[in-house]
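Notes follow once the structure below has been shown.
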Amino acid sequence: MKFLFDLDGTVTEAETLPHIAGKFGLEAQILPLTAAAIAGHVPFAENFQQLFRLLSHLGTSAVANVVNSIPLNAVLVDFIRQNSSDCAIVTGNYRGWIEQLVAPLNCPVFASEGHENSAGQLEITSVLNKADIVKKFKNQGEFVVFIGDGHNDAGAMAQADIAIGAGIVHEPAPSVHSACDFLAYNSQSLVRCLNQIKCQTAGTTAIITAAGTGSRLDLGVPKPLLRFTDRSLISWQLDWLASLDDVRIVVGYKSSEVINEVLKHRQDVLFVVNRDFASTKTAKSVYLASRFTKSMTLIWDGDLIVHPEDLARCMDFTSEYLGVSSLGTEDGWFVELSDDQQVTGFIRTASQFEWSGPAFLRSNRILDHDGHLFQMLQPSLPLPARVIRALDIDTYDDFVRATEFMREHYDASH
């Protein structure tokens with residue numbers, strides 16, 4: 001297994017080129033080029049050649065001294081040093097500028113190459129193509145994880161087995177959003193994910209599915225952004241799951257709006273990207289998020305509301321369960337129960353209890369499935385039922401009912 005890290009804005013706590021520009025008074029020339037490179041408006045090799053020409057007269061040591069003052073992300077540094085044989089830095093930056101900076105990481109470094117000519121000016125000899133490094137390790141049989149933030153990382157991400165967009169310093173480029181499997185906006189959530197990729201640990205991962213379009217509701221807004229008592233539904237759900245350290249939210253439809261709302265309330269969430277949200281159902285979102293989870297998983301639908309007196313029962317993880325409710329929604333699926341309160345099937349015919357969620361399961365029960373969540377769960381039945389008072393929101397009538405429910409049982413001060 002190999003963890004390949006971009007350097008600028010991923011492992012460093014600032015982009016190096018703007019830092020260099022500020023030191024040498026070249027902001028007017030360099031900052032527009034840097035912004036264009038991050039956004040992907042100019043091919044990286046062309047952009048880097050222009051930047052290199054602007055700095056070539058300064059000499060390697062002068063630029064390296066400035067770069068060496070840029071702080072590194074301490075949390076990522078610890079991970080890389082503890083796993084140095086499995087990690088590498090993959091940067092388009094010139095090796096001579098960054099080798100002092102990255103020396104403490106004690107891992108291999110792949111970078112653009114160059115030298116000083118007889119006149120003391122820098123000449124670039126090769127610009128690194130990051131995707132080539134990913135291909136190199138994959139050809140050696142390695143499982144490759146790539147972590148980056150800029151447009152120059154997107155090609156490598158597309159080749160990697162797992163791609164993680166890092167939004168720790170700035171918002172990842174649109175091409176990174178399109179190429180990545182996970183998005184982390186916090187060092188702790190990123191390293192938690194990397195450690196889970198290395199080896200599954202005991203405990204509970206919560207998955208909130210928030211990728212769907214809410215087509216039957218037809219309000220033009222993702223259901224997690226619906227507002228109740230002057231707060232978004234997702235903010236309520238994050239409160240309910242606050243005791244769990246590993247929370248993953250699957251995004252798709254209007255993903256930026258969902259991400260921005262979540263980050264107002266919690267920074268250490270790991271976002272999971274379902275690029276096929278328009279053509280897949282909840283089971284696919286759950287599967288995508290379930291990769292590299294802890295040993296147990298709590299599945300919480302992005303439109304699920306639970307009575308406050310039943311939240312503690314939902315967070316009781318002593319045994320697996322499927323949440324079922326007597327409250328009902330307009331267009332729900334119901335459950336068949338055995339005499340010992342085991343869910344034995346899912347049916348359309350109205351029965352005493354509706355399948356509502358949440359579901360708390362061993363993570364290895366989660367399979368790659370294109371259908372509904374209950375269809376993915378079918379092979380695992382029977383599973384214990386846990387009766388709660390819960391609602392989900394599929395239609396406008398459900399939304400009206402949920403608004404009344406939240407007004408009665410919750411208020412914005414909770």
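Summary table
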item: For region 302-338 and region 78-148, distance of Cα centres in Å; result: 50 Å
item: For peptides 143-152, 317-326, sequence by mean Cβ density within 10 Å, most packed first; result: 143-152, 317-326
item: Geometric extent, Cα atoms of region 119-270 - Rg, Dmax (angstrom); result: 18.5, 69
item: Among A35, A390, A111: highest mean-square fluctuation, GNM of the chain, C-alpha pairs under 10 Å; result: A35
item: Relative counts (whole %) of C-alpha pair distances in the chain, using bins that are 20 Å wide; result: 26, 47, 23, 4, 0
item: Stokes-Einstein D (µm²/s) once Rh is taken as the Kirkwood radius of region 286-414 over alpha-carbon pairs, at 37 °C in 0.692 mPa s; result: 215 µm²/s
item: HN-Hα J in Hz across region 212-225 - Karplus 6.51, -1.76, 1.60, θ = phi - 60°, x for Gly and Pro; result: x, 8, x, 4, 6, 6, 6, 9, x, 9, x, 4, x, 9
item: Listed peptides 182-194, 332-344, 95-107 by packing density, highest first (mean Cβ within 10 Å); result: 182-194, 95-107, 332-344
item: Kirkwood-type radius of region 63-104, with distances r between different C-alpha atoms, in Å; result: 11.1 Å
item: Extension gain from D161 to V75, taking 0.36 nm per residue of separation minus the Cα-Cα distance; result: 28.6 nm
item: Close Lys-Lys pairs in the chain, where close means Cα under 24 Å and separation is 8 or more or interchain; result: 22
item: Quotient of C-alpha Rg and 2.2 N^0.38 Å, computed over region 201-409; result: 0.94
item: Cα convex hull of region 2-184, projected area averaged across orientations, nm²; result: 9.6 nm²
item: Amide H partners (placed H, <5 Å) of G59, local residues excluded; result: L122
item: Under-5 Å amide H pairs with I347, H placed in peptide plane, nonlocal only; result: F334, V335, E336
item: Protection proxy ranking of 51-60, 399-408, 220-229 - average other beta-carbon atoms within 10 Å, highest first; result: 220-229, 51-60, 399-408
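Readers should treat all values here as calculations from the given coordinates under stated rules, not as data from a laboratory. Worth saying up front: this structure is predicted, and the values here are computed from it rather than measured. Every residue, glycine as well, gets a Cβ built from its backbone with ideal geometry; the counts of neighbours run over all protein chains shown.
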